[in-house]
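K.L.:
What follows is a structure written as structure tokens; I'll ask about it next.
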Amino acid sequence: MDTLSPIIPSLVFWILATGLAVIVLIVMFGLYVYQRQRLKAVVKDANNVANLAAQCDLLEAKKDELIQWMNEQKAELDRLTAEREEQERLRAELNRLEQECASKEQDNQSLRNEVGELENQRYLLARTLEKLEKEIEDLESKKAEIGNIKASLVDLKKKLQDVSRELDQKRREHQDVLRSVNEHYIKLEELTKQKIFLEKSIADLIKESQKVSDEAERARKEAKETKEDLKKISEQCRRAEDELQRKRDELAKLEIQLRAYQAEIYSLKGEIDRTKVREAEDSLRPYADLLEVQPDCLSKKTFPAGPMAINDEIQALQAFKDRLREENLNFSERVIYAFHTCLKCHHINPLTVLAGVSGTGKTLLPIYYARMMGMHCLVLSVQPRWDSPQDMFGFYNYLEGKYKATELSRALIRMDPYNYNKGTFPMLDADWTRDRILLVLLDEMNLARTEYYFSDFLSKLELRRLVKKPENKTDRQQAEITLDTGTEKAVNFQIWVGYNVLFVGTMNEDETTQTLSDKVLDRANVLRFGKPDNKTKPFQINIQEQEWPKEYLSYDQWKSWIKEDVGHASWSELTTRWTNRLNEALDRVGRPFGYRVQQAIATYIANYPLVEENERYKLAFADQVEQKIIPKLRGMDLGDNAANICLDEVESVIADLGDQQLAEAFRDARNQSQALGMFQWRGVTRPVEDNR
């Protein structure tokens with residue numbers, strides 16, 4: 001199957017081309033028949049006969065051209081089929097030669113091992129023969145010495161010490177021989193011991209000399225046998241050397257042939273690689289709009305000066321607030337801190353929604369935040385016609401055979417740190433984005449039904465928390481989004497959306513917009529902007545003409561600001577009691593929340609700026625009541641006694657928090673909703689001078 005895989009796309013292409021040619025021929029033939037019938041119908045008109053004849057000739061010529069074109073295409077198809085069969089034959093021959101070379105190499109290796117063993121045996125026997133010859137010579141000299149002892153007993157006593165020293169020396173020189181030939185060593189040891197008794201008995205000395213003579217004779221016989229064995233082994237070694245030389249000659253020829261085959265293999269592999277590259281380029285050509293078009297939101301020119309010098313979170317926020325003040329953008333510090341904290345909690349609440357009446361700066365706040373904090377920013381204007389994820393990420397145009405990408409899909413595929421490396425997709429040039437942060441703003445996101453185009457994507461963002469090892473493809477697959485790239489044979493584009501991509505949405509609350517479902521609300525933080533107060537000046541800003549910082553906030557810096565351990569703070573027990581009270585109150589009206597909301601509240605409080613100072617955890621909890629709890633009460637029937645008990649408990653918790661603006665806004669909303677009979681929430685108007 002791997003061998004046929006490069007051929008299948010080409011074969012399918014030519015089959016489709018042949019089918020298309022047949023269809024064109026049938027259509028032209030039908031036109032020809034139609035023209036012939038028409039010619040017969042109007043032949044009565046003498047004035048048009050000449051024109052019809054000319055048209056007939058023209059059609060005949062076109063028919064001949066089509067037939068000729070079909071023949072050429074058929075010949076080209078036959079040629080390609082022959083080339084494919086030749087490539088298959090070459091691959092089979094290549095596999096056979098590789099197997100034959102491997103077999104020859106194994107045989108040569110076994111022969112080398114055998115020759116090596118014979119060489120070792122010859123070497124050992126030669127060493128043994130040399131030792132035995134030395135031993136014979138030593139025994140002969142000893143025998144001569146014993147004869148001298150028989151001739152002169154008087155000189156024996158004088159020379160006894162010299163003989164002992166000589167025997168000791170000979171024993172040391174032949175110690176290795178005596179160890180290898182155990183029997184000879186024992187006899188020589190006995191002979192050495194007998195020297196002590198030479199002074200006592202000449203008869204014993206004569207007997208010992210006879211023993212030495214016998215031992216020498218046996219040594220001669222063993223040496224003779226050893227020489228014969230050595231001669232046989234030498235002959236075997238000679239034959240083995242001849243065979244080895246013959247094998248070496250054959251091996252040299254095979255190596256020459258192997259190098260020729262390897263050169264051919266290298267050439268064929270290069271051709272195959274080039275074919276694969278061409279096929280890969282052909283397969284990716286329909287997705288040029290996705291891969292080759294650089295998104296404007298991810299530009300190196302946006303932050304050319306490198307990472308941000310300010311590492312302190314509070315200093316960065318203060319610089320942002322100062323810039324807003326310079327631009328006369330009137331946002332409360334509570335709103336700025338709330339928005340900043342919501343983005344820090346994006347791993348548990350992937351979406352931050354800014355809701356309220358039009359003209360309150362909902363769009364300006366995230367844009368200014370992104371540019372001042374050193375984040376890349378992408379603004380998507382939601383259209384009323386959006387009804388599927390394709391409106392966000394793009395779609396495959398079957399008529400053109402091309403993928404129509406969006407700015408979001410182009411940006412996300414470049415922010416993916418796992419699926420699209422530079423080796424496989426060199427046209428992306430996206431390695432530098434791994435340490436950047438992208439803020440995606442869905443402007444007026446509720447002009448269309450959010451559940452239609454964003455709900456599935458929001459679920460994927462939430463599933464990221466279940467992926468323990470995103471570098472493992474199998475683990476992260478459940479949280480990846482899949483682009484609609486065409487037919488089953490099309491390239492499969494799956495994208496992992498990392499935590500360095502933040503999602504913010506704005507929504508105007510009027511009669512033309514859609515409300516958010518509970519599914520979206522549970523996975524989002526909703527900041528509502530009330531009507532501007534009388535002190536607020538209208539925004540008159542031209543974003544394109546602004547001077548923005550040149551440094552970017554690195555993803556590592558951003559992660560250092562996020563706190564994940566939220567269970568051991570001094571305020572944890574108190575906020576847990578408030579959370580349980582609110583959940584019990586909502587349970588009375590059938591609207592309780594689950595562990596996700598409880599964990600989201602605790603995470604938000606832990607990540608609130610300066611939360612440990614001056615009981616600021618109460619402000620953070622009040623934000624979560626405003627963002628996550630009160631929106632769940634919308635549309636509640638105020639004629640129900642359980643609903644009023646629930647609202648009383650919520651109001652009691654708000655009173656404990658000491659947030660005067662939230663308490664007044666909740667009380668006003670409750671009073672104004674009495675006339676409608678159901679609860680409505682318009683948000684809190686935070687005064688600009690609120691700098692707590």
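K.L.:
If I ask for residues that are more than 15 Å from Pro592 (Cβ to Cβ) and surrounded by fewer than 18 Cβ atoms within 10 Å (Cβ to Cβ), which ones from the range 639-657 would you list?
P.N.:
Hits for the range 639-657 are Gly639, Asp640, Asn641, Asn644, Asp648, Glu651, Ser652, Ala655, Asp656.
A quick yes/no check of all residues on (1) more than 23 Å from Arg465 (Cα to Cα); (2) free of Cβ contacts under 8 Å to residues at least 24 places away in the same chain:
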| site | (1), (2) |
| --- | --- |
| Gln557 | no, no |
| Ser560 | no, no |
| His568 | no, yes |
| Trp571 | yes, no |
| Thr575 | yes, no |
| Asp587 | yes, yes |
| Tyr604 | no, no |
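K.L.:
Can I ask one more? Considering only the range 406-452, state which residues are of a type in the set (Val, Ile, Thr) and in contact (Cβ under 8 Å) with a residue 60 or more places away in the chain.
P.N.:
Ile413, Thr433, Ile437, Val440, Thr450
K.L.:
Still on this model: Being at pLDDT 90 or above and among the β-branched types (Val, Ile, Thr), is that true of even one residue in the range 546-566?
P.N.:
There is at least one residue in the range 546-566 that is at pLDDT 90 or above and among the β-branched types (Val, Ile, Thr).
K.L.:
From the list Val597, Val611, which residue is within 40 Å of the chain's Cα centre (by Cα) and in contact (Cβ under 8 Å) with a residue 60 or more places away in the chain? Walk me through how you get there before you give the answer.
P.N.:
Numbers: Val611 fails: in contact (Cβ under 8 Å) with a residue 60 or more places away in the chain.
Matching residue, one of Val597, Val611: Val597.
K.L.:
Shifting gears a bit: Select from the range 386-418 the residues that are part of a loop (DSSP other than H, G, I, E, B) and either touching a strand residue (DSSP E or B) at 6+ places or on another chain (Cβ under 6 Å) or at positive phi (or both) and list them in ascending order. Explain how you work it out, then say what you get.
P.N.:
Initial filter on the range 386-418 (part of a loop (DSSP other than H, G, I, E, B)): 386-389, 398-401, 406, 416-418.
Within the range 386-418, Gly401, Thr406, Asp416 qualify.
K.L.:
Only residues that are aliphatic (A, V, I, L, M) and modelled with pLDDT under 90: list them for the range 326-347, please.
P.N.:
Looking only at the range 326-347, we keep the residues that are aliphatic (A, V, I, L, M), and these are 329, 335-336, 338, 343.
Scanning the range 326-347 gives a single hit, Leu329.
K.L.:
What number of residues within the range 556-610 satisfy the criterion of being among the aromatic types (Phe, Trp, Tyr), in contact with a Phe, Trp or Tyr (Cβ under 8 Å, 6 or more places away or on another chain) and either part of a loop (DSSP other than H, G, I, E, B) or over 16 Å from Asp656 (Cα atoms) (or both)?
P.N.:
Taking the range 556-610 first, the residues among the aromatic types (Phe, Trp, Tyr) are 558, 561, 571, 578, 593, 595, 604, 608.
Next, from what is left, pick out any that are in contact with a Phe, Trp or Tyr (Cβ under 8 Å, 6 or more places away or on another chain): 571, 578, 608.
Those left that are additionally either part of a loop (DSSP other than H, G, I, E, B) or over 16 Å from Asp656 (Cα atoms) (or both): 571, 608.
Counting residues in the range 556-610 that are among the aromatic types (Phe, Trp, Tyr), in contact with a Phe, Trp or Tyr (Cβ under 8 Å, 6 or more places away or on another chain) and either part of a loop (DSSP other than H, G, I, E, B) or over 16 Å from Asp656 (Cα atoms) (or both) gives 2.
K.L.:
Listed residues Gly394, Gly401; which is surrounded by fewer than 19 Cβ atoms within 10 Å (Cβ to Cβ), touching a helix residue (DSSP H, G or I) at 6+ places or on another chain (Cβ under 8 Å) and among the small types (Gly, Ala, Ser)? Write out each step before concluding.
P.N.:
Values: Gly394 fails: surrounded by fewer than 19 Cβ atoms within 10 Å (Cβ to Cβ).
Answer to the selection: Gly401.
K.L.:
Another question about this same structure. Which of the residues spanning the range 585-625 are over 21 Å from Ala569 (Cβ atoms) and charged (D, E, K, R)?
P.N.:
Residues satisfying the conditions are Asp587, Arg588, Arg591.
K.L.:
Do we have Leu354 as over 32 Å from the mean Cα position of the chain (by Cα), part of a strand (DSSP E or B) and crowded, with 22+ Cβ neighbours inside 10 Å here? If you could, list the steps in order and put the result at the bottom.
P.N.:
Values: over 32 Å from the mean Cα position of the chain (by Cα): yes; part of a strand (DSSP E or B): yes; crowded, with 22+ Cβ neighbours inside 10 Å: yes.
Answer is yes for this residue.
K.L.:
Return the residues of the range 586-640 that are among the hydroxyl-bearing types (Ser, Thr, Tyr) and either touching a strand residue (DSSP E or B) at 6+ places or on another chain (Cβ under 6 Å) or more than 18 Å from Ile336 (Cα to Cα) (or both); say none if nothing qualifies. Give the derivation first.
P.N.:
Here is the first cut: in the range 586-640, the ones among the hydroxyl-bearing types (Ser, Thr, Tyr) are 595, 603-604, 608, 617.
Listed by number, the list holds a single entry, Tyr595.
K.L.:
Continuing with this model, one more query. Quick check: is even one residue across the range 310-325 in a loop (DSSP other than H, G, I, E, B) and modelled with pLDDT of 85 or more?
P.N.:
Going through the range 310-325, the residues in a loop (DSSP other than H, G, I, E, B) turn out to be 310-312.
Within this subset, residues satisfying the condition of being modelled with pLDDT of 85 or more are 312.
Within the range 310-325, one or more residues are in a loop (DSSP other than H, G, I, E, B) and modelled with pLDDT of 85 or more.
K.L.:
Of the residues Ile314, Ile367, Ile348, Ile336, which single one is of a type in the set (A, V, I, L, M, F, W, C), in contact (Cβ under 8 Å) with a residue 12 or more places away in the chain and exposed (fewer than 14 other Cβ atoms within 10 Å of the Cβ)? Reasoning before the result, please.
P.N.:
On the way: Ile367 fails: exposed (fewer than 14 other Cβ atoms within 10 Å of the Cβ); Ile348 fails: exposed (fewer than 14 other Cβ atoms within 10 Å of the Cβ); Ile336 fails: exposed (fewer than 14 other Cβ atoms within 10 Å of the Cβ).
Every option except Ile314 fails the conditions.
K.L.:
Let me ask you something else. Does the range 668-690 contain any residue that is surrounded by 14 or more Cβ atoms within 10 Å (Cβ to Cβ), within 25 Å of Trp571 (Cβ to Cβ), basic (Lys, Arg) and modelled with pLDDT under 85?
P.N.:
Yes - at least one qualifying residue is present in the range 668-690.
The values are calculated or read from the model by the stated rules, or taken from the named source; none is laboratory data. Values in this document were obtained by computation on a predicted structure and should not be read as measured data. Here Cβ is always computed from backbone atoms with ideal geometry, including for glycine, and neighbour counts include all displayed protein chains.
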